[in-house]
Amino acid sequence: MSTLVIDTIQGKTTAGSINVRGEGSNNTNLQQGLAKAWISHSGYNTPTAEDSFNHASLTDVGTGNYKYNFTNNFRAAKSYTNSGGMTHDGDQLGTYAKVINPINTADILTSSVEVSATYVGSSSVGVYDYDNNYHSCLGDLA
Amino acid sequence: MTIETPEFQGTHLWERLHWAKEKLEPIQSDYRVVWEDPNEPDEPAKITVPDPNWLACAMQGGILPPVQSYWELKKDEAQPDFKKHTRGYLLHNTQPVDKMTEEEAIEYLIMKDIPEHVWKDYDKSNRKRLVICKKQNLPGHRTWRNSWKINQELVA
């Protein structure tokens, strides 16, 4: 077994593009596959980040409604992915589907994204303050 | 132990954040910024909380770009024909700001992450629309969260 001990990997043809050999003849692009921003935060009292990357602040907008402000802007608005979910300590609402996503595309800016923590059950839907909230973004940075 | 920040001017901001994440301890602030948008009078008060990793960068110094870089990008994005940023170098190539106190970092954050029409001349308006407080000054629950407003009597 060999161990690679280096500080930087740089593309030879394009510095910011590294291809990783995938299954069969597939190639996976390293940079395109990285989360560029992520956060784990509480949802009770005043929501606070537990841990994060590339976040400058979190704005509590209302019940189950948060705005994530980035340190390094994304390159284009509405062009990066948003995905997330939430849990309760004790998981009282375990039978619901739970997602954290932007409600309006106009809320997906290069500097921030506003999201809602939405639960969906067989007969109900709504936003809620969950104990633990998780969100990440993939896309190109400015 | 003092950690010295490398010379980061010209280094992509995202790479600087990697360095900071590796080297700096996150700092949880007790400060909260409570604000109301006068353009959305029916909306509840919003509360902005600094990110602990970001605050560590701000108080370390030499990592974050000047707040004016964000203003310029915001102007670009406000253009009707905006497609994507072409001046990202404003984040990466401008001289990073020196270390800030926690209070200075909060002021920087207000000017970065809260709309200008909220914080500009906020202390001259009849109705207080922005307050910096400690977390213990806020309700310790979420009851009627969508009805929260700044208590004008307390901040007067």
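Read-outs throughout are calculated quantities, based only on the coordinates presented, and are distinct from any laboratory measurement. Note that this is a predicted model, so its numbers are computed, not measured. Glycine gets a Cβ as well: all are built from the backbone with ideal geometry, and neighbour counts include every protein chain shown.
Order of A:C137, B:C57 from fewest to most other C-beta atoms within 10 Å? Present the calculation step by step, with values, prior to reporting the outcome.
Details: A:C137 22, B:C57 29.
Ordered from fewest to most neighbouring Cβ atoms within 10 Å, A:C137, B:C57 come out as A:C137, B:C57.
Please arrange B:W71, B:W35, B:W144, B:W54 by counting, for each residue, the other beta carbons lying within 10 Å of its beta carbon, fewest first. Don't skip to the end; give the middle numbers.
Numbers: B:W71 14, B:W35 22, B:W144 10, B:W54 31.
By the 10 Å Cβ count, ascending, the order reads B:W144, B:W71, B:W35, B:W54.
I'd like the distance between the alpha-carbon centres of the stretch B:1-28 and the stretch B:110-156, rounded to an integer number of Å.
31 Å
On a 18 Å Cα-Cα criterion, which of the cross-link pairs B:K74/B:K120; B:K21/B:K99; B:K74/B:K124; A:K12/B:K84 come out too long? Could the numbers behind the result be given before it?
Numbers: B:K74/B:K120 16 Å; B:K21/B:K99 16 Å; B:K74/B:K124 25 Å; A:K12/B:K84 26 Å.
The answer is B:K74/B:K124; A:K12/B:K84.
For the stretch A:1-25 and the stretch A:70-134, what is the centre-to-centre distance using only Cα atoms, to the nearest Å?
That distance is 33 Å.
Restricted to Cα positions, what overall size does the protein assembly as shown have along the principal axes? Three whole-Å values, descending.
64, 50, 48
Taking the number of other C-beta atoms within 10 Å as the exposure measure, put B:M59, A:M86 in order starting with the fewest.
Values: B:M59 17, A:M86 22.
Final ranking by Cβ density, sparse to dense: B:M59, A:M86.
Relative to a virtual label point 7 Å from the Cα of A:Y44 in the Cα→beta-carbon direction, which members of the stretch B:130-153 show backbone nitrogen distances below 17 Å?
Answer for the stretch B:130-153: B:136, B:138-145.
What does the net charge come to around B:H117 if you take all other residues with beta carbon closer than 10 Å to its beta carbon, with K and R at +1 and D and E at -1? Spell out each step's value before the answer.
Values: positive: B:K120, B:R129; negative: B:D37, B:E116, B:D121.
Combined, the nearby Lys, Arg, Asp and Glu give -1.
Between A:A15 and A:S123, what is 0.36 nm times their sequence separation minus the Cα-Cα distance? Round to one decimal in nm.
On the way: separation 108, 0.36 × 108 = 38.88 nm, distance 5.15 nm.
Gain on stretching A:A15 to A:S123: 33.7 nm.
Over all directions, what mean area does the Cα convex hull of the stretch A:1-100 project, stated in square nanometres? Walk me through the intermediate numbers first.
Numbers: hull surface 44.9 nm².
Over every viewing direction, the Cα hull of the stretch A:1-100 projects on average to 11.2 nm².
Top mean-square fluctuation among B:A20, B:A45, B:A78, Gaussian network model of chain B, C-alpha springs under 10 Å?
Maximum among the listed residues: B:A78.
Quick one: which residues, 5+ away or cross-chain, put their amide H under 5 Å from the amide H of B:M100? H built at 1.01 Å from N.
B:M59, B:Q60, B:G61
When every alpha-carbon pair in the stretch B:13-155 is counted, what percent end up more than 19 Å apart? Mind dumping the intermediate values first?
Details: 6066 of 10153 pairs.
Counting every Cα pair in the stretch B:13-155, those more than 19 Å apart make up 60 percent.
Using a simple spin-label model with points 7 Å from Cα along the Cα→Cβ vector, what separation in nm is obtained for A:S136 and B:R87?
3.3 nm
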